[in-house]
Structures are given as structure tokens and as C-alpha cells.
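One structure is given here, and the rest of the page talks about it.
The values are calculated or read from the model by the stated rules, or taken from the named source; none is laboratory data. Everything quoted here is computed from the prediction, not taken from an experiment. Every residue, glycine among them, receives a Cβ derived from its backbone with ideal geometry; neighbour counts consider all protein chains shown.
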Amino acid sequence: MDQLTPKGTRRCAAALMLAGLAGACGHATAAPNGETPEATRLRALYPNTRFTRIEASPIPGMSQVLMGNTVAYVDPSGRYFLVGHLLDMQTLQDLTAPVLAKLGSADAATWPLDDAIVIRRGKGTRRLAVFSDPDCPYCRSLDTLFEQLDDVTVYVFLLPLDGLHPGASAKARAIWCAPDRAAAWRAVVRGATVPASPDCADPLTRNRAFADRLGIHATPTTFGTDGVRLDGTPGLERLSVFLEQHGRPADEKGGLNARRD
């Protein structure tokens, strides 16, 4: 998965931890009514830290703390923060993954699909949206997986990461301005060169702003019609399961959930 360096992105988790939770990534938030004593103590210990939510964790005595898109597990003293995935080895379940998926979800009914390249396979009944960089090798790998799926429409939001891939924006612009955007995208991710087209109005600035609102600073990042997020390039089996579980339109509200092309 290609990710911007701290120079080019707003990565807060590491800074938050290493700065002793002294407000490096946010501002203080008021304690909700009815909050537990553990939560009240944490807010008092770190008054400048923005805690999204503080609740009991699956580990007795420890709290699960949400700070933006970061999940941490905190001991009763509030001194020790464990950041990472919590695994239940009896059930072989990742207990943190569902929490992160919910944190990273987005209201797919409001997505600006006119700013995406539309790639359809078969009837295209099932739908996914993906933020991709034309020079990202992981995005290229994911695209080959998409080609092995059937009955799917993929909306590709061009998100060139020039900090990692100088010239990616120029390629993205050439793809968008090509007569056949889907064909141009496929050609570029397979290593071909698409000639620069006459300048046209492109959505790259809007896509970057949209990605920022969703907390996306890495490619590829995929979303289902229900707004559930999938980071990186999974295997074909996992992608197929994700598509079946999260790629079916749920209503006619609009956006990714109801678009008909």
C-alpha cells in the first residue's frame, strides 16, 4: 500500500503517542454525560487530547480508546497505551478490525461519482469505489484482481501521490482527459504511456479534498456501497467476500448506493 510520508500527509497516530498525548493531533473534547470514571480520569490526565470515544474493551480492566481513526487499549492507570490489533486466539478473530472499519466508513449515498472513472464488468450490479494512483504498484495489483471479478462496477477516483510518484498527477490528468478514460486507466496501470490530451477540467483537486475528508492518505483504498472501507490490496478471495458483503446497493438514496449508468 502506497502511503504519503509525514511531509505530505496528516498522520496523527504516531505523533499523538510519542508526544505523550499532549494534543499533537487534536484539541480537548468535553466529557459526555454519564461517562465512566476511567474515561473521566483519562480526559483529566490528557486534557489537550481529542478522545473521540472511551469505552470498555474486551480485555477486563482495560479501556478501548478512539482518537480519530486510531484505536488504543489503555491500562487502568492511563499510563500505558497499546496501539494495534487485538486478537482473540480462541475464536481466531481480529477484534480491532471491525472497529477500524466502522471508523473509516463513509456515507456512500453522497459520493461525487461524476469525479470517478467508471469501469464495468458484466452487468455491473455490485459496486465498489477505489482511490488509486496510476503509478502505485499496489493499485495496479488491485486492478488485476478487479478484472477477475464479475458483475461489478468500479468507480476509480484518481488520487496521485506526487510525493511518492513524481509525475503521477500528469498521468492522472492524461487519463482523465483521454477520450476513453477506462481504457486509458487500464493502459497506464499496465505500463503503457497515454499521450497527453488537450487540457480539460479534471477532478484531481476535488478528489484530494474528498480523500482528506475521508482520512485517506494512502492508495489503494476501497469502499463498498455501505461505506465500509478496505485498505490496501487483499487477496482475490478476501476481495470477493468484501464485494459480496459490502458491494450491493442497499437503497435508492443516490451516490454509490444507487447510481445507474
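Numbers at a glance
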read-out	value
Which listed residue, of VAL99, VAL118, is part of a strand (DSSP E or B) and touching a strand residue (DSSP E or B) at 6+ places or on another chain (Cβ under 8 Å)	VAL118
Pairs with Cβ under 9 Å, 6+ apart, first in segment 224-241 and within 26 Å of ARG213 (Cβ to Cβ), second among the aromatic types (Phe, Trp, Tyr) and assigned to a helix (DSSP H, G or I)	GLY224/PHE242; VAL228/PHE242; LEU230/PHE242; GLY232/TYR138; THR233/TYR138; PRO234/PHE242; LEU239/PHE146
Extreme residue, surrounded by the most Cβ atoms within 10 Å (Cβ to Cβ), among residues of segment 98-130 that are at pLDDT below 90 and of a type in the set (A, V, I, L, M)	ALA108
Test for LEU128: is it closer than 19 Å to VAL228 by Cβ, out of contact with any His (no Cβ under 6 Å at 6 or more places or on another chain) and among the aliphatic types (A, V, I, L, M)	yes
Filter result for ALA168 (in the same structural domain as GLY232 (by TED's automatic domain parsing), small (Gly, Ala, Ser) and at pLDDT 90 or above)	yes
Helices (runs of 4 or more DSSP H) fully within segment 131-200 counting 1 or more residues that are without any contact (Cβ under 8 Å) to a residue 24 or more places away in the chain and crowded, with 20+ Cβ neighbours inside 10 Å	181-189
All positions within segment 207-226 that are touching a helix residue (DSSP H, G or I) at 6+ places or on another chain (Cβ under 6 Å) and either of a type in the set (Ser, Thr, Tyr) or not assigned by TED's automatic domain parsing to the domain that holds ASP135 (or both)	THR219, THR225
Output for segment 121-130, where each listed residue is outside any strand (DSSP E or B) and of a type outside the set (S, T, N, Q)	GLY122, LYS123, GLY124
Residue count, segment 47-71 (criterion: among the small types (Gly, Ala, Ser) and crowded, with 17+ Cβ neighbours inside 10 Å)	2
Lone unmet requirement of (1) under 29 Å from MET67 (Cα atoms); (2) among the basic types (Lys, Arg); (3) free of Cβ contacts under 8 Å to residues at least 60 places away in the same chain for ARG206	(3)
Conditions (1) within 20 Å of LEU128 (Cβ to Cβ); (2) among the β-branched types (Val, Ile, Thr); (3) in contact with a helix residue (DSSP H, G or I) (Cβ under 6 Å, 6 or more places away or on another chain): number failed by VAL194	(1)
Options TYR80, TYR155: the member that is among the aromatic types (Phe, Trp, Tyr) and over 17 Å from the mean Cα position of the chain (by Cα)	TYR80
